[in-house]
Each structure stands twice: as structure tokens, then as C-alpha cells.
Amino acid sequence: ANITAQQNAENTHERTIAIQDANRAVEQMREASRTGTFPANVVTLYPQNGQITGFNNLTNEQITVTYVDAAANPLYATVTVTWLSYTRRQDTEAVQTYITQR
């Protein structure tokens, strides 16, 4: 029972980090929306299916962004975090949000 509790705690910890990183990526995208012509300014910096760099809190962490319509205002974006879990399996968390010019 102790091992299972420990595994569950590690899994929850990794998922929490993944969601925090996805939210940080969303905030970066929102910050980018402040200057330039929206939505092109955000989509240029964070292209469809493109990687968002600078995150390495999890093993082999990769963050990608997709849009329902890259020309829409507001942008409906999905930020997906994938990583290699402590059990050596690929794991995924995603955050969906709307982004508009601030």
C-alpha cells in the first residue's frame, strides 16, 4: 500500500508540474498578444503544432500549441505538455484557453 501511495503521489506531482508549465506557456502567449497585430503576433511566435521552448521541469518535456483557427479572435488554443514519467512511460496533460489582445 505504501508503494502505491508513493507512486500516486509522484504521478500527481508530475501532472501538477505539467499543468503549471502549460499555464506559464499560456501566459507567455498572452504577453505576446500585447504588441503587434493580433492574432498574427501570437501565431508567429507560437506557430500551429510548434514547440514552446524553455521548459525542462520534467524528463523529456515538450510543450506544443495548436489552434482551432489560427486567424480567429479570440484564439482558441490548446497547450499540450508531454514528458517521460517516472515510470518511463510517455504522459500528457493539456490546457485549453482563449487568448485575445490585451
Scaled by the rule-of-thumb 2.2 N^0.38 Å, the alpha carbon Rg for the chain gives a ratio of 1.21
Report the label-to-label distance for Asn57 and Ala1 in nanometres (one decimal), using points 7 Å from each Cα along the Cα→Cβ vector.
3.2
Length gained, Leu84-Asn41, 0.36 nm per residue minus C-alpha separation, equals 12.3 nm
Which chymotrypsin sites (Phe, Trp or Tyr not before Pro) from the stretch 41-93 combine a DSSP loop assignment with at most 15 other Cβ atoms within 10 Å?
Tyr86
The stretch 55-76 residues near the modelled Ala94 label - backbone nitrogen below 17 Å, point 7 Å along Cα→Cβ
62-70, 75-76
For a Förster distance of 22 Å, can you work out the FRET efficiency between the beta-carbons of Gln20 and Asn49, rounded to the nearest 0.05?
0.50
On a 0 to 90 degree scale, rounded to 10, what angle separates helix 2-32 from the longest Cα axis of the chain?
10
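Taking 8 Å as the Cα distance limit and 6 or more residues as the minimum spacing, I'd like the relative contact order of the chain as a percentage. List each step's numbers first, then the result.
Numbers: 171 pairs, mean separation 28.6, N = 102.
28 percent.
Any read-out appearing in this document is the output of simple, stated calculations on the displayed coordinates, not a laboratory observation. Predicted model, so just to flag it, every value in this text is computed and none were measured. Neighbour counts are summed over all protein chains in view; Cβ atoms, including those assigned to glycine, are modelled from backbone coordinates with ideal geometry.
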